[in-house]
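No value in this document is a laboratory result; all are computed from the given coordinates. Computed from a predicted structure; not experimentally measured. Counting neighbours? That spans all protein chains shown, and the Cβs are built from the backbone with ideal geometry, glycine included.
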Ligand SMILES: C[S@@+](CC[C@H](N)C(=O)[O-])C[C@H]1O[C@@H](n2cnc3c(N)ncnc32)[C@H](O)[C@@H]1O
């Protein structure tokens, strides 16, 4: 089973906010663009799983914007799970956050039948084999016709697209040579190898990308 990596020195910054809530400036910046993509692709009903929910800022907004889905946030870090629950107070379509190591083989058995699975900003913090495992597990956790959304920074055809991205990718690899930005073509291949069709690839603000896929059967 894959052991989670600690890259907190170079990524995943969040600061204390009100009560148990943490505040990630990056999540506040990208939540509008992410919710626009998800509003356009969300199924009409069912269960939604968020992988690596972080502070909970995303799921709190998504659950309000997409009220027809019942949201299950997940996160490795217990302090972040408490933050997610603090953001979810008074939002009745969010379940309490549960622990999920998304790079562990077999997690899909506990999270079957998802209408939607979304993940933001984790694939660059794990290795390629771990990213493949995560995508394969997500494919198996989806219900037939279920939708997978992946968001974050990626290489385009092997290249970074800005100085900031080149420097962040290098910083990640200096900290842990196995991690770093994944290539957009690899993501598409791993999606298709996991029994999903690619629905849309979207250029997002600040050089990020969204991939939307659908489980075939
Ligand atoms: C950069 S943060 C992104 C958080 C949130 N999705 C966002 O975009 O604001 C990465 C998150 O992934 C979590 N994480 C790291 N390794 C993980 C793993 N193997 N499985 C699940 N979550 C993981 C960290 O605890 C952290 O909250």
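Remarks
- Across 114, 15, 173, mean-square fluctuation computed from a Gaussian network of the chain (C-alpha pairs under 10 Å connected) peaks at 15.
- Gaussian network model of the chain, Cα within-10 Å springs - most flexible of 113, 139, 19: 19
- Antiparallel DSSP beta bridges within the chain, as percent of all bridges there, nearest 5: 45 percent
- Ordering 171, 182 by the number of other Cβ atoms within 10 Å of each residue's own Cβ, fewest first, gives 171, 182.
- Ranking of 156, 132, 80 by count of other Cβ atoms within 10 Å, fewest first: 156, 132, 80
- Ordered by the number of other Cβ atoms lying within 10 Å of each residue's own Cβ, fewest first, 190, 107, 185 fall into the sequence 185, 107, 190.
- Shown here: the chain, whose C-alpha atoms stretch 43, 42, 34 Å along the first, second and third principal axes, sorted largest to smallest.
- Residue with peak Gaussian network fluctuation, the chain [Cα springs, cutoff 10 Å], from 56, 195, 180: 195
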